[in-house]
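To start, the structure under review is shown below, and the notes come after it.
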Amino acid sequence: QREIDMGGIGELSDKLNELLDMRKKERNLRSLDMRRTLLVTLPFAGALAFWQAYDGIIPLILRDTFHLGDTLAGAVMALDNVCALFLLPFFGSISDRCHSRLGRRTPFILVGSLLAALLIPLLAVADQMRSLPFFFTVLCLVLVVLSSYRSPCVALMPDVTPRPIRAKADAFNSLMAAASGVVILISISLAVPDVEHPNYMPVFLIISAIIILCTVLFAVFFREKKAVEKMHTESLAMGISEADMDASDEGGKEKETDAVVRRSLLGILLCVFFYFMASNAVTSAFSKYASQVWGAGGGSFANFQLVATMVTLISYMPMANISCRIGRKLTTYIGIGLMCFGGFCIFMTPGYSPLIYVFVSISGVGMGTVATTIYPMIMEVASEKTTGRYTGYYYTASMSAQIITPILSGAVMEFIGYRYLYLYAIVCALLAALPLAMVQKGNTILLKDLDLDHPTGELLEAGN
């Protein structure tokens, strides 16, 4: 009897272990491949380290070293977006057609990031020389080099991530970028003294070191072609057909003839445009706003951004999980609402208050939420063979906004008052919400709707 009981317990234990293994494999299909996602996000995180310093330090250099007014400085700040408007779609499209041994995106990432790391410290040299022509030349070169690999870098994420969990991957991408931004904000806060003409070389050297480290890790451990093949296998296991992963030989152009898709694409791009009109107005002028309105001297403006970035960093994955359950469109509305609420609270607080840390955090979470959802919506109406081109569309809309908004917001601050910067951003954010009503395509496949019982999925699990 005891042997029979033990045998029954053994069978029950085996059955439970089998069920647990199946459950674990099912959960893996719903989750990110963390190693692959981490490696994919590294080049973007390196590039974003520069953009964090660009928005914080370059306006101060233009004002304090070269004595440019807010409107003219806003025009200079828009130069990166002028370059990007033409270069991002160009390089995105070229990378779509690239067939190198390393893959489509990797060659652009390796060459562009290493050139950027060499050029960035020269900005500090030009600032110390007080040479505007030298500074302007180096700045233009840096912006061109960064534009050469930004679209390929961003397009790599959907290339290697199944559709239903792209929002999670994009959130992790944003989280890594925010982490590199935190390092730069700490560097600015500690290394930039409150003096008339500070030396920014330590900050720019740290940026170059981050870019080089991220690029080396990416080059050593990531293989683009293998990652794309793995994405195909995982997508089939989720019940997503090859037709929904790949385009025809025409490069996916047939999808653009669908009236619903074209209308949805237009709505998403308009939302992108006004979102960046709002967010870039704040980020590109925050250091000047903080010094003028809150009395933040030297690099102390970074303390406000540091707190907001840390809170936003924590919120990325939870907001991405929410979008996987309620959809990206509704989550985008939530993000825009947080942007408006936080911005209104800042507008109603004309001087320094400890509550400002709370308000900028709320606004930052809203910005991060929209940034997490809006690009994957573009990718939902793209195909594997056109992710670079559609990434170019995304950047055309975003960079067009970022060309206009530094000039307009600079004029608002110069001729109306610094305090009205956030009121300007609120109006733009509200305009971003309106075109979402046009969007019928672009939402994610919700996790609850995944076909994990698809025969291909069973074969994959059997192979595992």
Inset, instruction - Calculate one ³J(HN,Hα) per residue across the range 338-349 by plugging θ = phi - 60° into the Karplus curve 6.51 cos²θ - 1.76 cosθ + 1.60, and present them in order as whole Hz with x for glycine and proline. - result: 5, 4, 5, 5, x, x, 5, 5, 5, 4, 7, 10
Legend entry - Surface share of carbon and sulfur [accessible, 1.4 angstrom probe, percent] for the range 402-443: 71 percent
Legend entry - Net charge contributed by nearby residues that have their C-beta within less than 15 Å of VAL282 (K/R +1, D/E -1): 0
Inset, instruction - Please report, as a whole percent, how much of the solvent-accessible surface of the range 292-366 comes from carbon and sulfur atoms (probe radius 1.4 Å). - result: 75 percent
Inset, instruction - May I ask for the net charge around PRO107, where only other residues with Cβ less than 15 Å from the Cβ of PRO107 are counted and Lys, Arg are +1 while Asp, Glu are -1? - result: +4
Inset, instruction - Jot down the per residue volume, in cubic angstrom and as a whole number, of the convex hull over the alpha-carbon atoms of the range 307-435. - result: 113 Å³
Legend entry - In order through the range 415-420: 3J(HN,Hα) via Karplus (6.51 cos²θ - 1.76 cosθ + 1.60), integer Hz, x for Gly, Pro: 9, 10, x, 4, 4, 7
Inset, instruction - Compute the accessible area per residue over the range 42-196, keeping the other protein chains in place, probe 1.4 Å, unit Å². - result: 33 Å²
Inset, instruction - Taking the Cα centre of the range 26-143 as origin, work out the dipole magnitude from +1 charges on Lys and Arg Cβ and -1 charges on Asp and Glu Cβ, in debye rounded to 20. - result: 620 debye
Inset, instruction - Take the cross-link list LYS230/LYS329; LYS226/LYS329; LYS168/LYS329 and give me the ones stretching past 26 Å between alpha-carbons. - result: LYS230/LYS329; LYS226/LYS329
Inset, instruction - Find the accessible area per residue for the range 314-419; the probe is 1.4 Å, ligands and nucleic acids are left out, and the unit is Å². - result: 33 Å²
Legend entry - 3J(HN,Hα) from dihedral phi, the range 88-100, Karplus parametrisation 6.51/-1.76/1.60, rounded to Hz, x for glycine, proline: 5, x, 5, 6, x, 5, 4, 5, 4, 9, 6, 10, 8
Inset, instruction - Round to a whole angstrom and tell me the spacing of the C-alpha centers of the range 114-151 and the range 166-194. - result: 20 Å
Legend entry - Carbon/sulfur fraction of accessible area - the range 93-193, other protein chains in place, 1.4 Å, %: 74 percent
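The values are calculated or read from the model by the stated rules, or taken from the named source; none is laboratory data. All values derive from a computational prediction rather than experimental measurement. Every residue, glycine as well, gets a Cβ built from its backbone with ideal geometry; the counts of neighbours run over all protein chains shown. Ligands, DNA and RNA are excluded from the accessible area calculation, which covers all protein heavy atoms including side chains. Shrake-Rupley method; radii C 1.70, N 1.55, O 1.52, S 1.80 Å.
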